[in-house]
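A.B. asks: Structure incoming, see below.
No value in this document is a laboratory result; all are computed from the given coordinates. The structure displayed is predicted, hence computed values, not measured ones. Positions of Cβ are backbone-derived with ideal geometry, glycine not excepted, and every protein chain shown enters the neighbour counts.
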Amino acid sequence: MLIILLPVLLALYTPIDAHSWVEQLTVIAPNGTFVGEPGYARGNYERLAGRSIDQQMTNLIPPLGRAVVTQASPTDYLCKESQRTPTQLEGARLKASPGAAIALRYQENGHVTLPANQAGKPANRGTVYVYGTTDPKKDEKLLDVHKVWTADGKGGDGRGVLLAVQNFDDGRCYQINSGKISEDRQAKFPHTAIELMGADLWCQSDIKLPANVPVGKPYTLYWVWDWPTLPGADPTYPKGKAEIYTTCMDVDVVAKSNSKLAIKDGFVNGQDLNKAAIPGVFNTLGKAQSLPPPTTFLTSIAPAAEASATGVERQTLTVTDWVTSTSTIFMERSQPTSMG
């Protein structure tokens, strides 16, 4: 078995200096299990042996080489150039029905399990925001959406909603390395190595589509990972550093199937972690959630709108072990319907 798996692990190994993006989208069944065919981001490149796709898939804001690194610019596009139009390259869109639960899966690449590699980063390894809209723009600007669109759909220009705010570290994911966090999680969350992930266990953001998204029209998702460096923590960036990564993707919204599957609602414990949602997040989908308490870690270096405008306060996370994870899921709302 080891001889068979070794080529798979070596082929899919990702260096820890790589960055993260949404690798795959999957519908989650009522029991927390991934079902159906997966989907992929706009302009997606598949991971193949000997092929590096970091440059093709990474969208960093502010970009490398910019003099001002403490904040994003009003001219920064939310999507990478290859993802500004709803075009698939390698891999089809996900198909999901209104109100479906979806896992957005990404690699942690050592950002979770080797925290000492990056000085001054938040303990939750940054915050992931997921936004949704039926009316995307080709020239969508980051600062027109991020921390502007709200859970009730009234923020900014009202074209979209804030679907979720979650920790980058989902409390379970890991890359195989010799760090204590990785070794602890390998023991606590074992799984069989598969071709997709190898022996790593990918992270995920679990969300739910609004119940009123129209069938037959793509629904656009914006995944934004806000991963700042705190002021004074890294001598290279005495004033701190904004570091934001994004992935833009579309979901083909299809009608719900009339067939009734014998699947009970509620996460089933003990299932295969290769195709399982995060139970602490999944079990809250569709339920009203309170915001996490304030923390000592900034979620952004750039000036942000007030909580009253965004519906999200600056988060903090008190970490007593590296499995602790908190999330804010906004589910009791609908996609704005007043758009043209």
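A.B. asks: Could the peptides 272-285, 145-158, 59-72 be put in order, highest first, of the mean number of other beta-carbon atoms found within 10 Å of their residues? Could you put the intermediate results ahead of the total?
C.D. replies: Working: 272-285: 18.6, 145-158: 20.5, 59-72: 14.8.
So the order, starting with the most tightly packed, is 145-158, 272-285, 59-72.
A.B. asks: Also, I was wondering about something else. How far is it, in nm, from the label point at ALA119 to the one at SER97 when both lie 7 Å from their Cα along the line to the Cβ?
C.D. replies: 5.4 nm
A.B. asks: Given labels modelled 7 Å from the Cα in the Cβ direction, how far is it in nm from ILE194 to ASN177?
C.D. replies: Taking the simple label geometry, ILE194 and ASN177 are separated by 2.4 nm.
A.B. asks: OK, next. Compute the length gained on full extension between ASP234 and GLU90: take 0.36 nm times their separation in residues and subtract their Cα-Cα distance, giving the result in nm to one decimal.
C.D. replies: Values: separation 144, 0.36 × 144 = 51.84 nm, distance 3.83 nm.
Residue separation times 0.36 nm, minus the Cα-Cα distance, leaves 48.0 nm.
A.B. asks: If you stretched the chain out fully between ASN269 and ASP139, how much longer would it get, using 0.36 nm times the residue separation minus the C-alpha to C-alpha distance? List each step's numbers first, then the result.
C.D. replies: Numbers: separation 130, 0.36 × 130 = 46.80 nm, distance 4.32 nm.
Stretched fully, the ASN269-ASP139 segment lengthens by 42.5 nm.
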